[in-house]
Structures are given as C-alpha cells and as structure tokens.
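Beneath this line is the structure, given in structure tokens, with notes to follow.
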Amino acid sequence: MGIDVKFLEELCSRTLQSTDFEGLGERHVGKVRDSYVKGKERTIVVTDRVSCFDVVVGTIPLKGQVLNQAAAFWFDKVGDIAPHHLLGVPDPCVSRVRECGLLPVEFVYRGYLTGSTSTSIWTAYERGERSYCGHSLPEGMRRHEQLPTALLTPTTKASAGKHDELTSRGELIASGVISEELYDEAARITGALFEMGQRWAESRGLILVDTKYELGIGEAGELVVIDEIHTPDSSRYWYRESYERAMSEERNPEAIDKEYVRLWLGEQGFKGEGPPPALPDEVRCEAARRYIEAFEQISGRSFEPDEEDPIARIARNLGLDASSTP
Ligand SMILES: Nc1ncnc2c1ncn2[C@@H]1O[C@H](COP(=O)(O)OP(=O)(O)O)[C@@H](O)[C@H]1O
Ligand SMILES: [Mg+2]
C-alpha cells in the first residue's frame, strides 16, 4: 500500500479529462462522469475531473479509477437491500449499468452535525436554525457531534449549473415530486444502505459521516440504486480514533475525502463563484494520494493503478476502434 509520488507527478500530464467515443451511444457529460446511453444500457466513464462547490476545478491523477473501483466495491455489498444498476466493470474507469428513469431527488444522510457549505447542517445550526429538512434539532449541540439519529435530508436534483436545494419529505410529497409510497420505500432502502455503510466503515476504523444516494426507476417500476455509493466523492469519512481526540481538543476531525481540495481552494479565496484557481500539480498529487488512501482504508484492498493511456485502453476494453479526446 502507498503510492510513489514521482509516479503520480508523471501521471499529472495525462489524466482523463474528457472523452468522445463513437459508437457507444448518446453522450451525456456530467461534472465527473461521461455517460453513453444506448437502449437499456448506460456506459459510465468515470473521468479524473474533480468537482468542488458544484464546479469542475481540474483533474486528479487516477481519480477515475479510484472512484469507479470504490463504487463497484460498494455495489457488491448492497446484497438484498435493493436491486442496483451495476452490470459490469469492463475497464478500471468504466462501468456498464442498467439505464433507469430518474427520481429528481437526492437522498442525503447525515450522521453528524458538520459541513461548511451554505446548505450544510452545521451552517444552518450555527445560524440558529433548529429545524432542518423537516427534522427538529436539539439545543446545545457542538460542531461535528454525532446527531441523536442519522437524518435523511433530501435535496432536489438540480439541472446542470444549478445547486441542489434542501427540501423535506413533506414538501416533496405536497408538491407532487414523488408519491408518499415511493418516498417511504426510498427512505427504507437508503436508510438500510446507510446503516450497512456505517457498519462497514466502523469495522475499518472509519466513520461514514454523511453520504448521498441516487435512486432510479427500473423497467418494472422498482427502485434501483444508481450512480455511485459511499465513494469519497459522495461521502464524508473521518478516522474513528482521531475523531475522539479532535473533539476533545476542539479541532476538526481528520477527513479522508475531498475536503483537502475544498480547503485548498478556500485558502485561495474560491468558494464556488467565478473561475476557480488552477490546481498546482503538488495539490493534485496530494489529492490523488488521499483518494487512493481512502480507497485502501475503506476496502482493505490495495489499489492497483493502471498507467496505460486511458483513452486507448478504454477504447480497446470496450471493443471500439475510433476514439478522440477533444
Ligand atoms: N443507472 C443510471 N440510469 C440513469 N442515469 C444514471 C444512472 N447512474 C447514474 N446516472 C446519472 O449519470 C450522471 C453521472 O454523472 P455525474 O458526473 O455524477 O453527474 P452530475 O454532474 O449530475 O453529478 C448523473 O446525472 C446520474 O444521475
Ligand atoms: Mg454526480
């Protein structure tokens, strides 16, 4: 375990930034993933792009591989909680999945009173709010303290370029975005996923602090777990041991997620508005090291990087001939 920094420096000049494959289906470009949809299948290419404050701020070597493999690791653990979308992993950066109808809701779970963005539960609490996404919060809580129970704090899934907005079970049902039955079934599934994730994290010396799920609708109208689960992009993890120490010393817990990149951007005065500062290679390498460490710590497996040119490799693994990087 552990990765050579020289090797990461070399990879900085050939990260997977964008793709435009022919013959894979209709292309949809997300912040992090390029998806190609053909009939009932979606091919998801996880690029090395990193998004902070809902803005793509650059690329991080090997991030696509780490995230794709972390998601596959977790989908394997979903078991009989619910059906999931993953069909196969034909390349370190690629997943083949079942194309599903979208629920315009993201199911966010929060186990701790933390966060720093404008929509985070700590920001609201610090402002004096004691009601958050339909849940009432007790008085006298400290920053980063564990919530009495994990809370489902849904957001509406915003269209490209917009920020997701906080909402509540009541609001979503009243506005007809989702039926009561479907919401409650989704809450049951995602609640069980969060418990599963927390238990696993605990067994690895970590705390799964909060996370976000997306659910789709399958062909028979059933709910399907889609997108990614419990990855360092969709979740916040802290080390269990240093958490206790940090709380008693009133410091921030040691995080193994993209908080590092967010903090660096914050130090440069970037909070999501205007053009982001370019990430120096030093920061990109350190972020890569942390993504890899997160994968290894979470999974207990060592990360095997594939250093071949990603576009050529993906084209070969997917059986395509023509390919290009715009
Ligand atoms: N099985 C699936 N069926 C349909 N859409 C999916 C599925 N899995 C993931 N998606 C969608 O693919 C996109 C993934 O790309 P991403 O870069 O994460 O996008 P975003 O910028 O919206 O976060 C998301 O819009 C997600 O909702
Ligand atoms: Mg996403």
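Where a number appears in this text, it was derived from the coordinates with a stated rule and is not lab data. Every value quoted in this text rests on a predicted model; they were computed, and no experiment measured them. When we count neighbours, we look across all protein chains shown, and the Cβ atoms used for this are built from the backbone with ideal geometry, even at glycine.
Scan the stretch 246-326 for GluC sites (Glu not before Pro) in coil per DSSP, keeping those whose Cβ has at most 16 other Cβ atoms within 10 Å, and list them by number.
Loop-located and lightly packed - Glu249, Glu250, Glu254, Glu273, Glu307, Glu308.
Specify which residue in the list Ser299, Pro276, Phe21 is farthest towards the positive end of the charge dipole of the stretch 5-317, using unit charges on the beta carbon of Lys, Arg (+1) and Asp, Glu (-1), about the Cα centre.
The one lying farthest along the dipole's positive direction is Pro276.
What's the Cα-based Rg to Rh of the stretch 104-178, Rh via Kirkwood?
0.97
Read phi for every residue in the stretch 115-123 and hand back ³J(HN,Hα) as whole Hz from Karplus 6.51 cos²θ - 1.76 cosθ + 1.60, θ = phi - 60°, with x for Gly and Pro.
Those phi angles translate into x, 9, 7, 4, 9, 6, 5, 5, 4 Hz.
Rank-order 65-78, 27-40 by packing density, defined as the average count of other C-beta atoms within 10 Å over each peptide's residues, highest first.
Listed from highest to lowest mean packing, they are 65-78, 27-40.
Just to compare against my own numbers: the Cα pair-distance distribution for the stretch 9-165, 10 Å bins, whole % per bin, please.
Per 10 Å bin, starting at zero, the Cα-Cα P(r) for the stretch 9-165 comes out as 9, 29, 33, 22, 7, 0 percent.
How high is the relative contact order of the chain, given as a whole-number percent (alpha carbon pairs under 8 Å, six or more residues apart)?
Here the relative contact order equals 22 percent.
Taking a point 7 angstrom from the Cα of Ser203 along the C-beta vector, which residues in the stretch 71-98 have backbone N less than 12 Å away?
77-78
Using only helices, what value at 222 nm comes out for the chain when you add -39,500 (n - 2.57) per DSSP H run of length 4 or more and divide by the total residues, to the nearest 500 deg cm²/dmol?
-9500 deg cm²/dmol
Can you count the Lys pairs in the stretch 5-317 whose Cα atoms are under 14 Å apart, with each pair 8 or more apart or on different chains?
Here the count comes out as 5.
Can you give the FRET efficiency for Arg14 and Asp76, using 1/(1 + (r/R0)^6), R0 = 30 Å, r = Cβ-Cβ distance, to the nearest 0.05?
The value I calculate is 0.50.
In the P(r) worked out for the stretch 173-326, what percent of Cα pairs fall beyond 27 Å?
Every Cα pair in the stretch 173-326 considered, those over 27 Å come to 46 percent.
Starting from the amide H of Cys52, placed 1.01 Å from N in the peptide plane, find each other amide H under 5 Å away whose residue is 5 or more places distant or on another chain.
Val57
To two decimal places, what compactness ratio does the chain give when its Cα radius of gyration is scaled by 2.2 N^0.38 Å?
It is 0.98.
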